[in-house]
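Every number in this text was worked out from the coordinates using simple rules, so none of it is lab data. Note that this is a predicted model, so its numbers are computed, not measured. With ideal geometry, Cβ positions are generated from the backbone for all residues, glycine too; neighbour counts draw on all protein chains shown.
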Amino acid sequence: MTAPMPSGCEVSWLRMEMYLLGDGGEAERDVVATRLQDCAHCRQMAAEIREDTRSLPMLPEVPEPWWRRLDLRWMVAPPVLVAALALFFVGPTADFPPAEVAVKGGNLAVETAIAADGRVQVRVTCPPGIEDLGIVVFEGREVFRPLEMPTCGNRVVAGAMTVDEPDDTMVCVAEGAAAVARPAQLGPMAACTPLR
Amino acid sequence: MDFYRRYGPAVLRKCERMLGNRQDAEDIVQNLFIDLIRKGRTDVGLAYLYRAATTRSLNVIRNRKRRQELLDRHGEALRPRGMGTEGEVVTAELLAELARQLDPKTLEILVYAHQDHMSQQEISSLCGLSRKTVGKRLQRARVTLESLAGGAP
Ligand SMILES: [Zn+2]
């Protein structure tokens, strides 16, 4: 599985796996098919994959994490709302993904992005008059509060933190630090977004 | 679950390359698919699963106890079962050592380049990084790799 890559060979394990699964576009499939004809190393990769017929472990039944039981449907902002929220933003937006990840709760909207250095950026948008924000992060089955609090007031805030499981992380902000003191009781006044 | 049956084997092979151990790889794959199925995210493709599996495997490798176990094996059990040992191959054992020396993002990119044999272009689109950034990170990783090859860690 760790066979060295001869120079000139350009097919990765991922591309070979996808080819054998029938994934990927037609052009990509043609490229890999040609490599399979021309390159002994590629043929060996394909053979190793095909010959691996070990069975998959069973997937056990696992209960949902407690915070998943919260009704989070209200957090998904309809497109028209996102467009309206975008007007609040006065800072640079280039570093952030499209506003489709922005979700609103109460008077707040929150967006997240993962910067190139791996830090999580948090942008909170709120109307004038809100001074105090609370932020809480659900990562896997753990809950934590980043040391650096976002501030608000119609401006972009780049919070800084890193998480180990970005695919399983939800960031929530609410008005007032007290609001996030008991994460299980976060209600519709909190704005939450999955990191990815 | 069709999603699991379809992609599980490929992700399992991927994790096994990183961890050098079938049992640990199975744990990661089970947890990853359970989480995705629970979230209703069964629409993702293999590229996404590769990234998620890489992140989770690196988390395991960074765990010090686990890393020590790997290092204690002195590579015997982890000898590549492929075509030989020459070339820029990062074994699970070496990866455990590199985890001590490289930052997480560089380590991730190194895995894609030296274990998964991805091109810089492929890594660039997989990670959403510029090709220049990928190149710089790989350069940094190569220096560390060479220093490990040149002397005892
Ligand atoms: Zn080839």
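When peptides A:168-175, B:33-40 are sorted by average Cβ neighbour count within 10 Å, with the highest value leading, the order is A:168-175, B:33-40. Label-to-label distance for B:Arg6 and B:Tyr48 is 1.1 nm, based on points extended 7 Å past Cα in the beta-carbon direction. Counting, for every residue in B:103-112, the Cβ atoms of other protein chains within 10 Å of its Cβ and taking the mean gives 2.
Each other residue within a Cβ distance under 10 Å of B:Ile28 adds +1 if Lys or Arg and -1 if Asp or Glu, for a net charge of -2.
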